[in-house]
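To start, the structure under review is shown below, and the notes come after it.
The values are calculated or read from the model by the stated rules, or taken from the named source; none is laboratory data. Here the structure is a predicted model, which means the values were calculated and not measured. So basically every Cβ, Gly included, is an ideal-geometry build from the backbone, and we count neighbours across all protein chains shown.
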Amino acid sequence: MPEREHILRQGIFRSVVIILFLILVGNIFVMMVPKHQFYKDQALKNRQVRFRHRAPRGLILDRDGVILADNTYIADITLPFHSLTADGPDSTLVRLINWFDLPREATLERLREQKTAGGRGVLVLISNATMPQISAIEERGRQLPGARVDSRPRRRYLYGELFAHVIGYVGEVVRADLDTTGGHTGYKLGDMIGKQGVETALEDLLRGGSGIKLEEVNASGRVVGREAIWLEEVTAGQDVTLSLSLSHQYQMAQAIGERTACGVALDTRTGEVLAAYSHPVFDPNLMTVPITAEQWNVLSNDPDKPFFNRIAQATYPPASLYKPVTSLAGLRNGVIGISTVLEPCLGGWQFGNRYFRCWKRSGHGLVDHTEAIVQSCDTYFYQLGLRLDIDQLAEAARSLGLGRVCTDIFVDEAAGNVPDTAWYDKRFGKGKWTRGVLLNNSIGQGELLVTPIQMAMLVGRLATSGRMPDPVFVTDPPRLRKSPDPLPFSERDLAWVRRALELVVSEGTGKAAGLDSVSVAGKTGTAQNPHGEDHAWFMCFAPADDPQVALAIIVENAGHGSSEAAPVAEKWLQAYFAAEDSLPGLPSPVLVNGRMGR
């Protein structure tokens, strides 16, 4: 009995072994034959990883082909998402925090935010890593499974602050941007997107297309194998050529110096912007890598407002720069002639129970229309304004380009304000305002508001009898240009205004802008400022008999345009018309991240 039981047990054992063997062989067969492709794909997924590669943005060049913005490459130290679990950091992350002496809690909180947001699909431990940090990762890779050094393009502005308000800058896409990119698609958190100026206006052209590369990695997350597979090729962004000139822009910055001011120069033949400079300024290179909230607050709360683009965002009363508009409105509507003499200027004009002063307290005496512009007599224009209605004055201003945005570059460009009857009725109520508003409007004060680029356009239109187009900042790729509407003024009246503006510089308040070799026609202005000292204005075109360039300058809180703004214009015009070999040297490109190059 025991022997039979023993034999039975042996048989059962053999059967179990045979069955297990058959099961094993069967599974191996299934894995090797029917499910071979399935397990092969699974293995590839475990060791092949998709990496997204950002496209370099297109270059930005000046009108002569000088590179103003290009790209350099920086390195980030990254880790896979699994380096940070609910239980805390893994050993690789702990080592890196200790080796690089990073603040533990702040770093972990920042990485948790990245993991929640998704974005690049990896945790960026250190952005824009230094060479010692990069070397540490490369040399100790075996101790740091999952740690990688990823390179990416960084925008570089080769002339720093010089073109900051025109070109703008790029910054990282944050969650709020994904809903407000204006129809742009394909962005991920952490990508770069234009935040101001040309970088924003031409985002679709400059950004290019990101690529996806399939790479083989080992268990430590390090790339192995010899050849990667590009699933989607990187497409570089398109280059953009501006109308601005490095030379003209630099000369504008030199002429303005450290003043709180703005200058805009236009080519009267094409409307192309030759220079547009606003000061104070900021360095856009600071914005191309992540900065802390504290650093951002320091920049954004700077009392000098370096981010404020006075070219197209700031609005001011045009002051006496508006007097040619008032003159043309009067001539067009037949309420005054070129040689009309009005009541003498005794230092001001009484209207109702209010006395409106002239800038010259002793008065200008008896002057005709031409002399009133040359000497900028407020009293004369008070009287002229009262002969018009507010809508006639507003219509003349709008025909010259005021009261609307005039570029397609600045998303936050101000339209200014040209008040008319409807505007005053809405502001004060119908019948609750008087013709007294005409006295302020006629001399460019009151509720009138303009931008510096509008005033450059206005004087350019006067210089060319309205033929100059709206300001153009980009020449390549060509932008859609609208031909200007004809001006509603006679050529005789426009020629008279140009002659009067020439006399302003040769004999009147604008003498400080005169050049020895080139005739200049212009107008000074002093805009009242309820918050401090008056703003100094000057606009001009030159040569007076064959206009090539139109220019508008405003210097904030500086006083009279004749003594503060006109000399700035003279300095820029002197450089513009000077022989090239007599100009001072241009600035060298700035170093960014210790590197410079093309």
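Yes/no per residue for (1) surrounded by 19 or more Cβ atoms within 10 Å (Cβ to Cβ); (2) over 26 Å from residue 233 (Cβ atoms):
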{"position": "73", "(1), (2)": "no, no"}
{"position": "81", "(1), (2)": "no, yes"}
{"position": "90", "(1), (2)": "no, yes"}
{"position": "95", "(1), (2)": "no, yes"}
{"position": "122", "(1), (2)": "yes, no"}
{"position": "130", "(1), (2)": "no, yes"}
{"position": "156", "(1), (2)": "yes, no"}
{"position": "163", "(1), (2)": "yes, yes"}
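State whether one or more residues within segment 536-547 are at pLDDT 95 or above, assigned to a loop (DSSP other than H, G, I, E, B), buried (at least 19 other Cβ atoms within 10 Å of the Cβ) and of a type outside the set (Ser, Thr, Tyr). The answer is yes; a qualifying residue exists. Taking residues in segment 137-163 that are on the phi > 0 side of the Ramachandran plot, and partners anywhere that are of a type in the set (D, E, K, R) and surrounded by fewer than 22 Cβ atoms within 10 Å (Cβ to Cβ), the pairs with Cβ atoms closer than 7 Å and at least 6 places apart or on different chains are 160/283. Residues that are in contact with a helix residue (DSSP H, G or I) (Cβ under 9 Å, 6 or more places away or on another chain) and either hydrophobic (A, V, I, L, M, F, W, C) or farther than 17 Å from residue 396 by Cα (or both) were ranked within segment 471-495; the one that is surrounded by the fewest Cβ atoms within 10 Å (Cβ to Cβ) is 477. Put simply, of 435, 404 the only residue that is at pLDDT below 95 and in the same structural domain as residue 279 (by TED's automatic domain parsing) is 435. Applying the condition of being free of Cβ contacts under 8 Å to residues at least 40 places away in the same chain and acidic (Asp, Glu) to segment 366-381 and asking which residue is nearest to residue 483 (Cα to Cα) yields 371. The set of residues in segment 343-365 that are touching a Cys at 6+ places or on another chain (Cβ under 6 Å) and assigned to a loop (DSSP other than H, G, I, E, B) comprises 347, 358, 363, 364. Taking the criterion of being in contact (Cβ under 8 Å) with a residue 24 or more places away in the chain and in a loop (DSSP other than H, G, I, E, B), the residues of segment 489-522 that qualify are 489, 490, 507, 508, 509, 510, 514, 515, 517, 518, 519, 520.
Rundown of residues vs (1) of a type in the set (Lys, Arg); (2) under 19 Å from residue 265 (Cα atoms); (3) not assigned by TED's automatic domain parsing to the domain that holds residue 442, yes/no style:
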residue	(1), (2), (3)
467	yes, yes, no
474	no, yes, no
482	yes, no, no
485	no, no, no
513	no, yes, no
543	no, yes, no
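Within segment 548-587, which residues are aromatic (Phe, Trp, Tyr) and either assigned to a strand (DSSP E or B) or within 28 Å of the chain's Cα centre (by Cα) (or both)? Passing the criteria: 572, 576. Only a single criterion out of (1) over 21 Å from residue 534 (Cα atoms); (2) surrounded by fewer than 20 Cβ atoms within 10 Å (Cβ to Cβ) is not satisfied by residue 327, namely (2). The helices (runs of 4 or more DSSP H) found entirely in segment 382-488 that carry 1 or more residues being touching a residue at least 40 places away in the same chain (Cβ under 8 Å) are 390-399, 437-442, 452-463.
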